[in-house]
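Here's the structure we're looking at; comments come further down.
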Amino acid sequence: METAEVDVVIIGAGVIGLAMAEAFTRKLSGLNVVIVERHARFGQEISSHHSEVIHAGIYYKKSSNKARYCVLGNQMLYEFCKKFDVPHRNCGKYIVATRETDLPILRQLSDDAVSNGATANYVDSRPLATKLANPNVLGGLWSPTTGIVDSHALMVRLEQLAQGRGAILLYRTEFVTVEDRTENTYLLKVQDPEQGQYLIRCRAFINCAGLGAARIARKFLPEKQIEIRPCRGRYFSLSGKFTDAWRELIYPVPDPAGGLGVHITFDLAGKSRLGPDVDWSASDSRPDDPRLYDFTERDQSVQEDFYLSGKRLIPQLEPQDIAPDYIGIRPKLFESGAAVEDFRIYQSGPCDWHLLGIESPGLTSTLALADHVSSAFATTTP
Ligand SMILES: Cc1cc2nc3c(=O)[nH]c(=O)nc-3n(C[C@H](O)[C@H](O)[C@H](O)COP(=O)(O)OP(=O)(O)OC[C@H]3O[C@@H](n4cnc5c(N)ncnc54)[C@H](O)[C@@H]3O)c2cc1C
């Protein structure tokens, strides 16, 4: 079997893998970096089925990886977008209380934001209810550093930068296994439709395989009982009369059942939608089963729930204003059967990194995660 020799192999051309390739090639010039991606193009899985929100870092536990990488990644992403002309908007966000029981949660969120190094300022009920034309509003928080980004354009930029510095993208190529390893090298087996299976020897291995990341990590860390379970998030589009209806994103207080609560987001063209919800019904499926993206009849039956959640934020909403849009899949990490609510970066040796459970705010955190791993590699390289 033929063996290719390179310095760094990254599995996955989602936003995280692309950012890794950009960071490695920028910091360590002359390095041979290869991305192995099973699809024909980048960003076909999680990175193209989400809300495109640049989060501020409000919701996450103090000192968690999510808090740390989100707050840092937020600043890095704005700077990157400005420098490389990636369309984005620092629109800000309101988190609104519409029930008495929401008010203590707002207070907690404001405290959490401060301890994470983010900002979330109180807004009184009356001015906010007037501004949002919503008499249900009992108060809220204003997050000035939240925004939206064109995530496709971001990935285009990251790919261009990495390729411009010599990174090679092996599309339609699947990681199969790690055949062998020594202290300094990894021998990987991959396959593509033309060449079949072949080997790549590398000095560093970065697993950014999203929904497939635990399956790969287990080959390096057989002692760890890790798995990724899929948790679907459904989106419903809002009719054209709501295009450009808001200047700021509007979120409810987070759902105690998980997720941030069905919220109003919009893209840079002003098209708005509601979502995502939290649907565990397919959690026993293979996480990267493409059928999980299909809107089934059962999915359509939750339209009424979306309408009722949406109506609390948009009093003028009518049932006919919403329609099924798309579904995103969260890569929920479980370890020894218990849910892990944070990003995890595991290593089985000095030069392999496995990024696990990179759900929201992964898009926001992407440049900070890439900076962390590439800096860690740089310290191992003379
Ligand atoms: C519903 C939802 C909403 C979200 N909203 C936001 C938000 O508003 N803001 C935010 O900051 N974050 C958000 N996120 C999180 C963000 O989208 C993710 O953290 C990010 O896109 C993850 O990127 P990734 O590169 O890790 O995964 P992916 O984009 O899935 O990339 C992984 C790649 O690995 C490839 N791969 C897997 N296995 C193999 C293999 N064996 N061989 C070769 N290739 C392989 C896959 O084909 C895939 O292309 C959201 C996520 C979801 C699900």
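The values are calculated or read from the model by the stated rules, or taken from the named source; none is laboratory data. The model shown is predicted, which means the values in this text are computed figures rather than measured ones. Every residue, glycine among them, receives a Cβ derived from its backbone with ideal geometry; neighbour counts consider all protein chains shown. Note: accessible area is taken over every heavy atom of the protein model, side chains too, but ligands, DNA and RNA are not part of it. Shrake-Rupley method; radii C 1.70, N 1.55, O 1.52, S 1.80 Å.
Only helices (runs of 4 or more DSSP H) whose full extent lies in segment 281-382 are considered here, and the ones with at least 3 residues that are within 26 Å of Ile206 (Cβ to Cβ) and within 15 Å of the ligand (Cβ to nearest atom) are 362-380. Evaluated against (1) of a type in the set (A, V, I, L, M, F, W, C); (2) away from the ligand (no atom under 14 Å from the Cβ); (3) open to solvent by less than 40 Å² (accessible area, probe 1.4 Å), Ala214 falls short on exactly one condition, (2).
For segment 128-146, residues that are small (Gly, Ala, Ser) and more than 16 Å from Ile105 (Cβ to Cβ) total 2.
When segment 228-260 is filtered for residues that are among the small types (Gly, Ala, Ser) and open to solvent by 10 Å² or more (accessible area, probe 1.4 Å), the ones remaining, listed by number, are Ser237, Ser239, Gly240, Ala245, Ala257, Gly258, Gly259. Taking the conditions (1) at negative phi; (2) open to solvent by 20 Å² or more (accessible area, probe 1.4 Å) in turn, Leu367 satisfies each one other than (2). Check segment 20-33 and report whether any residue there is among the aliphatic types (A, V, I, L, M), under 19 Å from Gln191 (Cα atoms) and buried (at least 24 other Cβ atoms within 10 Å of the Cβ). Scanning segment 20-33 turns up at least one residue that is among the aliphatic types (A, V, I, L, M), under 19 Å from Gln191 (Cα atoms) and buried (at least 24 other Cβ atoms within 10 Å of the Cβ). One residue stands out in segment 138-157 among those that are β-branched (Val, Ile, Thr) and closer than 16 Å to Gly92 by Cβ: the one that is surrounded by the most Cβ atoms within 10 Å (Cβ to Cβ), namely Thr146. Taken together, the residues in segment 24-48 that are within 15 Å of the ligand (Cβ to nearest atom) and basic (Lys, Arg) amount to 2. Total residues in segment 88-109 satisfying the condition of being touching a residue at least 40 places away in the same chain (Cβ under 8 Å) and among the polar types (S, T, N, Q): the figure is 2. Look at (1) touching a helix residue (DSSP H, G or I) at 6+ places or on another chain (Cβ under 8 Å); (2) within 10 Å of the ligand (Cβ to nearest atom); (3) at negative phi and you find that Ser239 fails only one, number (2).
Per-residue answers, yes or no, for (1) under 15 Å from Ile10 (Cα atoms); (2) surrounded by fewer than 21 Cβ atoms within 10 Å (Cβ to Cβ); (3) more than 11 Å from the ligand (Cβ to nearest atom); (4) of a type in the set (Ser, Thr, Tyr):
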| site | (1), (2), (3), (4) |
| --- | --- |
| Gln197 | no, yes, yes, no |
| Ala204 | yes, no, yes, no |
| Gly210 | yes, no, no, no |
| Gln225 | no, yes, yes, no |
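Would a scan of segment 122-135 turn up a residue that is of a type outside the set (D, E, K, R), within 20 Å of Phe266 (Cβ to Cβ), open to solvent by 60 Å² or more (accessible area, probe 1.4 Å) and modelled with pLDDT under 95? Yes: segment 122-135 contains one or more residues that are of a type outside the set (D, E, K, R), within 20 Å of Phe266 (Cβ to Cβ), open to solvent by 60 Å² or more (accessible area, probe 1.4 Å) and modelled with pLDDT under 95.
Listed by position, the strands (runs of 3 or more DSSP E) contained in segment 1-114 that have at least 3 residues being under 26 Å from Ala162 (Cβ atoms) are 3-5, 8-11, 33-36. Here Gln160 fulfils each of the conditions (1) away from the ligand (no atom under 12 Å from the Cβ); (2) open to solvent by 50 Å² or more (accessible area, probe 1.4 Å); (3) more than 22 Å from the chain's Cα centre (by Cα) apart from (3). Being buried (at least 17 other Cβ atoms within 10 Å of the Cβ), farther than 28 Å from Val149 by Cβ and without any contact (Cβ under 8 Å) to a residue 60 or more places away in the chain is a description that does not apply to Arg298. Asp277 meets each of the listed conditions (1) within 15 Å of the ligand (Cβ to nearest atom); (2) farther than 25 Å from Pro254 by Cβ; (3) open to solvent by less than 50 Å² (accessible area, probe 1.4 Å) apart from (2).
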